[in-house]
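Enquirer: Input: one structure, supplied below.
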Amino acid sequence: MAHIVAPSLLAADFTELGQALRLVDESPAEWLHLDIMDGVFVPNISYGIPVIKAIRPLTRKVFDTHLMIVDPDRYITAFKEAGADVLTVHLEACTHLHRTVQAIKAAGMKAGVSLNPHTPVAGLEDILPDLDLVLIMSVNPGFGGQRFIENTYRKLDQLVDLRERRGASALIEVDGGVGRENAARLVAHGADVLVAGSSVFGAPDPGKAIHDLLLAG
C-alpha cells in the first residue's frame, strides 16, 4: 500500500485558512490532520469543534482528528457530528481505553490511539487488534516545528513486529518533525501515514512539498 500524507492544519496561516484548505483539497494528499489541544493534557490550546464544523464543507479530504485532551469520551459524538472521520485519542489520557475505542467505532468513526514519545509500544498489545490507526508521536505533543526524536525509528520497528504478531491491520502514523529529509526512512520503517505541518505549510511551494513526501520510499 502506498503511504498517505496528512498535512497538519495547525501549521497553516489561519488568516488564510480558506486558501490552505483549497491547497490541500486540490493536492494528492488523502487526509487532513486536525490537532485538538485543550491546554491541560498538553501545554497549548488550538482550535475545536466549531472550526472543524465550519471547514467540513470546504474539503473532501478525510478528517484525521487527533485529540490531545483530557476526558475525550465526553466529546466523541460531538466530533462525529462536526465531521471527523478518524478520531485518535491518547493512551495516556484514557482510563478505560477499550471502552473509548468501542465508543468511537459505535459513533461511526475509525478509531486511533496515540503514544507520547516516552510511552512504550508494548502498552498497545491487548488493544491493537481493535484499532484502525496507531499514531506515534515523534515529538512531545503540544507545539509544531519541534525537532524529530530519533528513537521513533525503533518504536516503529517494534510496532510493526507487534502488529504482525497480533494479526492486526491498524495503520501506523507518525507525527512530529516529519519532512523530506526523513520521510523515506520513516516509510522504510513501517509508517503508513505521514503527518506534515511545517514542512508543508512552511515550504515555499506547499503543493510540491506534498508531492515530495508522497514520492518518499
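Enquirer: Of the listed peptides 49-60, 151-162, what is their order by residue-averaged count of other C-beta atoms within 10 Å, with the highest listed first? Present the calculation step by step, with values, prior to reporting the outcome.
Expert: Working: 49-60: 14.4, 151-162: 17.4.
Per-residue Cβ counts within 10 Å, averaged per peptide and sorted highest first, yield 151-162, 49-60.
Enquirer: Output ³J(HN,Hα) for segment 3-9: one whole-Hz value per residue in order, computed from phi by the Karplus curve 6.51 cos²θ - 1.76 cosθ + 1.60 with θ = phi - 60°, and x for Gly and Pro.
Expert: Running phi through 6.51 cos²θ - 1.76 cosθ + 1.60 with θ = phi - 60° gives 6, 9, 9, 10, x, 8, 4 Hz.
Enquirer: So what is the calculated 222 nm ellipticity per residue for the chain, using -39500 (n - 2.57) for each DSSP H run with n of 4 or more, over all residues, to the nearest 500 deg cm²/dmol? Display every interim value, and only then the final one.
Expert: Working: 8 runs with 68 residues, N = 217.
Computed mean residue ellipticity for the chain: -8500 deg cm²/dmol.
Enquirer: Another one. Please report the Cα spread of the chain along all three principal axes, rounded to whole Å, starting with the longest.
Expert: 42, 36, 31
Enquirer: Then there's this: Tally Lys/Arg at +1 and Asp/Glu at -1 over every other residue whose Cβ is under 14 Å from the Cβ of Ala78; what's the total? Walk me through the numbers on the way to the answer.
Expert: Numbers: positive: Lys53, Arg56, Arg74, Lys80; negative: Asp38, Asp71, Asp73, Glu81.
Local charge sum for Ala78: 0.
Enquirer: If you don't mind, there's one more thing I want to ask. Run the simple label-point estimate for Asp157 and Arg180 please: 7 Å along Cα→C-beta, distance reported in nm.
Expert: 2.8
Enquirer: Here's another thing I want to ask about it. Per residue, how big is the convex hull around the C-alpha atoms of segment 68-190? Give it to me in cubic angstrom, could you?
Expert: Working: hull volume 13.2 nm³, N = 123.
About 108 Å³ per residue, rounded to a whole number.
Enquirer: Further question: So who's got an amide H within less than 5 Å of the one on His90, skipping anything under 5 residues away but keeping other chains? H placed 1.01 Å off N, in plane.
Expert: Excluding prolines and chain starts, which carry no amide H, the hits are Ile69, Ser114.
Enquirer: Using mean Cβ contacts within 10 Å as the protection proxy, how do 99-106, 4-11, 177-184 order, highest first?
Expert: Details: 99-106: 17.6, 4-11: 24.5, 177-184: 19.5.
Put in order of decreasing packing, that is 4-11, 177-184, 99-106.
Enquirer: So how strong a dipole does segment 42-131 carry about its Cα centre when Lys and Arg Cβ are +1 and Asp and Glu Cβ are -1, to the nearest 20 debye?
Expert: On the way: 9 positive and 9 negative charges, 100 e Å.
With Lys and Arg at +1 and Asp and Glu at -1, about 480 debye.
Enquirer: OK, next. Length gain on complete extension for the stretch Ile49 to Ala78, per 0.36 nm per residue less the alpha carbon to alpha carbon distance? Show your work: numbers first, answer last.
Expert: Working: separation 29, 0.36 × 29 = 10.44 nm, distance 0.73 nm.
Using 0.36 nm per residue and subtracting the Cα-Cα distance, I get 9.7 nm.
Enquirer: Against the 2.2 N^0.38 Å scaling, with N counting residues, where does segment 1-126 land? I'd like the Cα-based Rg ratio to two decimal places.
Expert: Working: Rg = 14.6 Å, N = 126, 2.2 N^0.38 = 13.8 Å.
In units of the globular-protein estimate, segment 1-126 measures up at 1.06.
Enquirer: Next question. For Lys53, list the lysines whose Cα falls under 16 Å from its own Cα; do not include residues on the same chain fewer than 8 positions away.
Expert: Lys61, Lys80
Enquirer: In whole Å, how far is the Cα centre of segment 20-44 from that of segment 120-159?
Expert: Here the answer is 18 Å between Cα centres.
Enquirer: Say the dipole of the chain comes from +1 at the beta carbon of Lys and Arg and -1 at that of Asp and Glu; which of His33, Ile136, Gly197 then lies farthest toward its positive end?
Expert: It is His33.
Enquirer: Suppose every K and R has +1 on its Cβ and every D and E has -1 on its Cβ; what is the size of the dipole of segment 4-215 about the Cα centre, in Debye to the nearest 20? Don't skip to the answer; put the middle values down first.
Expert: Working: 19 positive and 27 negative charges, 37 e Å.
Taking the Cα centre of segment 4-215 as origin, the dipole is about 180 debye.
Read-outs throughout are calculated quantities, based only on the coordinates presented, and are distinct from any laboratory measurement. Here the structure is a predicted model, which means the values were calculated and not measured. Here the Cβ is made from the backbone with ideal geometry for all residues, glycine too, and neighbour counts use every protein chain on show.
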